[in-house]
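First the structure, in the form of structure tokens, and then the observations on it.
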Amino acid sequence: MSSYLDLPVLGVGLAADISSTQPDFRKLLAKGNGAYIDYLNFGAHATQKRRVQHYIGDLIEGDFPLVFHPINFNLCSSEPEPDGLVRELVELVDYSSPAWAGQDVAVWMFEGQYLGSFLLPPILDDESVEETAAKVRTLNQLLPCPFLIENPPVILPVGGMHMVEFMTAVAETADCGLVLDIGHLIGYQQAAGLDVTRIPVNELALDRVIEVHVAGLQQAKVGDSTHLLDQHAYPVDDLCWSFLEDHASKMVNLKGITLEQEFCPVEIVEKNLHRAREIVTKTGVLESAH
Ligand SMILES: [Fe+2]
């Protein structure tokens, strides 16, 4: 299996529900006509190979670049993944041939049930670093493409480490690449009672960041405080764009910027694609994108 460092530069991509017409990602596949995408990031349960085949089988057969977002791994649990789950995900990866796969570090399944937005984020401590790294190492041996880890959405941080310190420690111990979700990180900063504009970027292994996620943020007022919630259907917040603009050039191994825009109107997605490409030009990242 290839290393995360040997991955191809894909460019600017979109994460959209493969069955959805909002946004209709098929309108964004052709280059040369305004906004377009270089790749599609698709999410799927392990059991959904036939669904993937139904909705994007033509893109797979036509070798359109893909990135896969699994959603079933309990990455911060020391319990081994069920054999059947791993087998199904390997089959899905073999079928769809994504450039890489990446998933948020959390517990997403409980007794066979998908937790969705009720995910359990990792306890941010040394023990959890070791357990998560062991799981990620195993998955990188089992999956046919590099498996990357994403910082998860957190609304109640538990443990003494900062999220960037935790993700860096796991990535270095497991020797894997990172998916940096900027909105998740801003949300973490806010949930931890820290200034959202002062993320300790220097403690993050930026050279391991392979993919960046940019998505909308919802500002929800709870009592006196404002909570920032990850909302893919919302316009991308300026906080996210500013972070990308300020730090993208330090991500020397960056291969893709993914706009996570499930259920977002296509007009907003088009505007965001233009904005992302402006930042690519300004910062000089993703130079060898085709
Ligand atoms: Fe994400």
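Read-outs throughout are calculated quantities, based only on the coordinates presented, and are distinct from any laboratory measurement. As the structure is a prediction and not an experimental result, all values here were calculated from the model. All Cβ positions, glycine included, derive from the backbone under ideal geometry; neighbour counts span all protein chains shown.
Worth a mention:
- Candidates 166, 110: the one that is within 30 Å of residue 53 (Cα to Cα) and among the aromatic types (Phe, Trp, Tyr) is 110.
- Near pairs, Cβ below 8 angstrom, 6+ apart or cross-chain, from the range 214-243 (without any contact (Cβ under 8 Å) to a residue 12 or more places away in the chain) to any residue that is away from the ligand (no atom under 12 Å from the Cβ) and among the basic types (Lys, Arg): none
- Subset of the range 16-27 [surrounded by 22 or more Cβ atoms within 10 Å (Cβ to Cβ) and either touching a residue at least 60 places away in the same chain (Cβ under 8 Å) or on the phi > 0 side of the Ramachandran plot (or both)]: 16, 23
- Take the conditions (1) small (Gly, Ala, Ser); (2) under 19 Å from residue 71 (Cβ atoms); (3) without any contact (Cβ under 8 Å) to a residue 12 or more places away in the chain; residue 193 misses just one of them, which is (2).
- Any chance residue 94 is within 27 Å of residue 269 (Cβ to Cβ) and exposed (fewer than 14 other Cβ atoms within 10 Å of the Cβ): no
- You will find that of 265, 200, the residue that is in contact (Cβ under 8 Å) with a residue 12 or more places away in the chain, over 26 Å from residue 172 (Cβ atoms) and surrounded by fewer than 19 Cβ atoms within 10 Å (Cβ to Cβ) is 265 and no other.
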